[in-house]
Amino acid sequence: MTSAKDERRPAGELEASVMAALWAAGAPLTPGRVQMELGSGLARTTVTTILSRLHEKGFVGRERQGRGFAYFPVQD
């Protein structure tokens, strides 16, 4: 039996997966939509945290959509 800690992926791997989903979409995505695109059993709150950190690092932009945000990759 493996514990939840053993199944954790490194933060860099999660960030790369989220970035790949955003690039593939070609349009801004909400955290819920990113979660569906990844289909990896991540909690929406985890995806939201990853997106917030990517935004703080300047890798993604965001725009207001309803009460939340939709995120998109920032191009150099």
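The values are calculated or read from the model by the stated rules, or taken from the named source; none is laboratory data. Note that this is a predicted model, so its numbers are computed, not measured. Neighbour counts run over all protein chains shown; Cβ positions are idealised from the backbone, glycine included.
Test ALA25 against the criterion of being surrounded by fewer than 17 Cβ atoms within 10 Å (Cβ to Cβ), of a type in the set (A, V, I, L, M, F, W, C) and either at pLDDT 95 or above or in contact with a helix residue (DSSP H, G or I) (Cβ under 8 Å, 6 or more places away or on another chain) (or both), and give yes or no.
In short, yes.
Can you find even one residue in the range 14-21 that is exposed (fewer than 10 other Cβ atoms within 10 Å of the Cβ) and touching a residue at least 24 places away in the same chain (Cβ under 8 Å)?
No: zero hits.
I'd like the full set of residues that are assigned to a loop (DSSP other than H, G, I, E, B) and not hydrophobic (A, V, I, L, M, F, W, C), limited to the range 36-74.
Listed by number, the residues that qualify are GLY39, SER40, GLY41, GLY58, GLY66, ARG67.
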